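Encoded as C-alpha cells, the structure appears first; notes follow it.
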Amino acid sequence: MRLVAGIDSSTQSCKVTVRDLDTGDPVREGSAPHPPLTIVDPEVWWDALLAAVRAAGGLDDVLAVSVSGQQHTPIFLDARGVPTAPSPLWNDLGSHPHMVALNAELGRDTWIRRTGLPLSLSDTVVKARWLRDELPDAAARTAAIAVVHDWLTWRLAGHGPGAGDIEALVTDRSEASGTGYWSPETGEYERDLVVHALGHDVVLPTVLGPRASAGRTGRGLPGIPEGIPIGVGSGDNAAAALALGLEEGDAVLSLGTSGVVYARTAHAVHDYAGYVCNYADATGVHLPIVATLNAARNLQVGAEILGCTHDELADLALSAEPGAGGLTLLPYFEGERTPDLPHARGAVLGATLTNFTRANLARAIVEGTVASQVAMLDALDACGVHARRLLVIGGAAKNPAVQRVLSELVVLPIHVPTADEYVAKGAAMQAAVALTGDFPAWPVEVERIPAAEPAPRIRRQHHDAQVALGYVVPAPTDVTAPAPV
C-alpha cells in the first residue's frame, strides 16, 4: 500500500490523516489542540503539527506530505526567520479599526477592484497594518510575511527560525488570494498595497502552481522521513473543495468555528456590495467565498444554556414550530463579518411569557444560526454565482435540526457528504500530486436531505430583528430556487 499524508492546521487544532494513495481511504489519523487564543506565538502551530504526527503514528512509511491551514493568519518574520511578534488570528477582532483605516485611505472599491476582496478584519494586509500601528518596532524589523500554511511548509522543508532562508518561503494561489495584496487577474502580488499597510516592502512567499511541489522534507524532523515530496498545499476551504470534487453549479456550506459558503467558478468575482471575497481554488480557477464568524459554536452555547446534549437540543428544536413562536436569535456572539458588525453581540428578540420556552429557545438558536448562513447564498447569487446543489459539511452538518431548518429555507437539492476530515483529505490529495503529478480521483459519498415545507417567516423574523437593532442589511430575497439546467 502506498501512503500519503495531509495536514490540516486549523483554528482549533492540527489534524493529520494518512491515506491510501490509490483509494483515498484513511489508514490512520492524529490530532493535537491549538490554544484557545486569538493572538499566539507561531511556534505553537509547529509544535502541534509534530504532536499530531506523533499521534498518527509517525510518517515514516509515507511517500509525500502536504499542509493546508487557516487562511489569512500572518507570520511576521525578521531577516533570520524569527517571528517579530505574536500572530493575530484571522478571527481576532482587534484589527477592525485598521481595516477601517485602509478602506478610508484607498477607498473600499479600490481593494475590491485590485484584489477581489472587500477588506475584512481577517485579511493578512489588515493584520500588517495592525502590526505597524500597534507594534511599530516589530513592524520595522519584519522582513517577510507568510501565513500559517506557508510557515509550516517552510518548516517541513528544513528551514526554521534563526537560519534565515526567508526567500525559500512558498505558497499557493488560494493562500495568496486571501492576503489582500494579490491580483486574481494577473496572479501577481500588488506590492504597493503591502507597502501602504506595513510601511515598507517585504519578502512574500513565491506563489506555486496547483501541480507544483514545495520541495522535500528536511533532515531530523521527528516522525517525518527526510527527502519526501511536499505538496504545494492550500487554504482550508480550497483543500475541502478539492476533496469534495467541487464542480461549477455546486455550493458548499461549511459549518465549523465559522460559517462559510463557497462555489467554484472559472472567472473572478468582484463584489462591490462588499460581501463576497474572491479567493482562488487549489486547481487553477476561483473559489468565491462568503463567511460568518458565528456558526457551530452557537449550538454548543445553546446546549450549555439549556443544560442538554446536542442531540437533546436538536430534539427540542424539532418539537417547536418554524419561527419559534416569534422568538428570534441574532447569533452575533463574536461580532460578525457578514454583515460587517464587529461590535455586535448576540441578542434574543420577541420574547413573551407565552413563547419563551426551552423548545422555542432551542429552535431560535438553530434558526438564527442557519438563517445567517443562508444569507450568504443570497450574496453569491447576486454576483452571478448561481447554485444548483448545496453540499453541507462541518461539525454541525449532521445535526437533524440544522438539516430540517436548512431544508425549510433552501429549495436547492441539499446533500451531506459522508463525514470526513475534508481539509486534511484535500491536503493529502495535494501530497499525491507532488508524488505523481496529477490529482487522484478519490470518491465522495453523499446523502440527500429530505425536502421540507418552506418556512419564509424564519428569514423575515431574522431580517426584522436586524432592522429593530439598527443594523443596515439587505432584505432577504428568494434566490434559493435551482437555476435552470
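The values are calculated or read from the model by the stated rules, or taken from the named source; none is laboratory data. Model, not experiment: these values are computed from the prediction. Every residue, glycine as well, gets a Cβ built from its backbone with ideal geometry; the counts of neighbours run over all protein chains shown. For accessibility, only protein heavy atoms count, side chains too; no ligands or nucleic acids. Shrake-Rupley method; radii C 1.70, N 1.55, O 1.52, S 1.80 Å.
The set of residues from region 229-256 being touching a residue at least 40 places away in the same chain (Cβ under 8 Å) and either assigned to a helix (DSSP H, G or I) or surrounded by fewer than 20 Cβ atoms within 10 Å (Cβ to Cβ) (or both) comprises ASP236, ASN237, ALA238, ALA239, ALA240, ALA241, LEU242, ALA243, LEU244, GLY245, GLY249, ASP250. Would you check if there is a residue in region 285-304 being part of a loop (DSSP other than H, G, I, E, B), over 23 Å from LEU89 (Cβ atoms) and at pLDDT 95 or above? There is at least one residue in region 285-304 that is part of a loop (DSSP other than H, G, I, E, B), over 23 Å from LEU89 (Cβ atoms) and at pLDDT 95 or above.
Select from region 105-127 the residues that are surrounded by fewer than 24 Cβ atoms within 10 Å (Cβ to Cβ) and basic (Lys, Arg) and write down the one among them that is farthest from GLU188 (Cα to Cα). So, considering only residues that are surrounded by fewer than 24 Cβ atoms within 10 Å (Cβ to Cβ) and basic (Lys, Arg), the one farthest from GLU188 (Cα to Cα) is ARG108. Contact annotation: residue pairs with Cβ atoms under 7 Å, 6 or more positions apart or on different chains, pairing a residue in region 129-146 that is within 15 Å of ASP201 (Cβ to Cβ) and open to solvent by 30 Å² or more (accessible area, probe 1.4 Å) with a partner that is among the acidic types (Asp, Glu) and in a loop (DSSP other than H, G, I, E, B), are ARG141/ASP78. Annotation: of all residues in region 173-187 being crowded, with 24+ Cβ neighbours inside 10 Å and assigned to a loop (DSSP other than H, G, I, E, B), the one that is farthest from the chain's Cα centre (by Cα) is TYR181.
Of the listed requirements (1) in contact with a Phe, Trp or Tyr (Cβ under 6 Å, 6 or more places away or on another chain); (2) open to solvent by 10 Å² or more (accessible area, probe 1.4 Å), THR73 misses just one: (2). Checking GLY259 against (1) open to solvent by less than 10 Å² (accessible area, probe 1.4 Å); (2) of a type in the set (Gly, Ala, Ser); (3) modelled with pLDDT of 95 or more, only one condition comes out false. Which one? For GLY259, the failing item is (3). Selection over region 283-313 of residues that are surrounded by fewer than 23 Cβ atoms within 10 Å (Cβ to Cβ), of a type outside the set (Asp, Glu) and either over 22 Å from ALA387 (Cβ atoms) or free of Cβ contacts under 8 Å to residues at least 60 places away in the same chain (or both) gives a count of 11.
Regarding GLY81, is this residue closer than 20 Å to GLY215 by Cβ, in contact (Cβ under 8 Å) with a residue 12 or more places away in the chain and among the small types (Gly, Ala, Ser)? So GLY81 fits the description; yes. All of VAL44, VAL62, VAL82, VAL125 fail the test of being farther than 18 Å from GLY199 by Cβ and under 21 Å from the mean Cα position of the chain (by Cα), apart from VAL44. Identify all residues within region 219-240 that are touching a helix residue (DSSP H, G or I) at 6+ places or on another chain (Cβ under 6 Å), among the small types (Gly, Ala, Ser) and over 15 Å from ASP150 (Cα atoms); write none if there are none. Selection gives GLY223, ALA240. Screening THR357, THR369 for residues that are out of contact with any strand residue (DSSP E or B) (no Cβ under 7 Å at 6 or more places or on another chain), open to solvent by 10 Å² or more (accessible area, probe 1.4 Å) and of a type in the set (S, T, N, Q) leaves exactly one candidate, THR357.
Select the strands (runs of 3 or more DSSP E) contained entirely in region 373-485, then report the ones holding at least 2 residues which are of a type in the set (D, E, K, R).
Working: elements: 389-393, 414-417, 446-448.
Strands (runs of 3 or more DSSP E) meeting the threshold: 446-448.
If the condition is being of a type in the set (A, V, I, L, M) and touching a Leu at 6+ places or on another chain (Cβ under 6 Å), then region 304-349 contributes ALA347, VAL348. Comparison of GLU190, GLU167 shows that the only residue that is touching a Phe, Trp or Tyr at 6+ places or on another chain (Cβ under 7 Å) and surrounded by fewer than 19 Cβ atoms within 10 Å (Cβ to Cβ) is GLU190. Can you say whether GLY346 is of a type in the set (Gly, Ala, Ser), under 24 Å from the mean Cα position of the chain (by Cα), at pLDDT below 95 and under 21 Å from VAL467 (Cβ atoms), as far as the supplied structure shows? Spelling it out, it is not the case that GLY346 is of a type in the set (Gly, Ala, Ser), under 24 Å from the mean Cα position of the chain (by Cα), at pLDDT below 95 and under 21 Å from VAL467 (Cβ atoms).
Considering each of GLY346, GLY395, GLY350, GLY426 in turn, give the residue that is open to solvent by 40 Å² or more (accessible area, probe 1.4 Å), closer than 26 Å to SER13 by Cα and in contact (Cβ under 8 Å) with a residue 12 or more places away in the chain. Lay out the reasoning, then the answer.
Details: GLY346 fails: open to solvent by 40 Å² or more (accessible area, probe 1.4 Å); GLY350 fails: closer than 26 Å to SER13 by Cα; GLY426 fails: open to solvent by 40 Å² or more (accessible area, probe 1.4 Å).
So the residue among GLY346, GLY395, GLY350, GLY426 that is open to solvent by 40 Å² or more (accessible area, probe 1.4 Å), closer than 26 Å to SER13 by Cα and in contact (Cβ under 8 Å) with a residue 12 or more places away in the chain is GLY395.
Taking every residue in region 445-471 that is closer than 21 Å to ALA347 by Cα and pairing it with any residue that is open to solvent by 30 Å² or more (accessible area, probe 1.4 Å) and basic (Lys, Arg), at least 6 positions away or on another chain, yields no pair with a Cβ-Cβ distance below 8 Å.
Scanning region 20-41 for residues that are over 21 Å from the mean Cα position of the chain (by Cα) and β-branched (Val, Ile, Thr) yields THR23, VAL27. Taken over region 193-225, the criterion of being small (Gly, Ala, Ser) and surrounded by fewer than 16 Cβ atoms within 10 Å (Cβ to Cβ) is satisfied by GLY209, GLY220.
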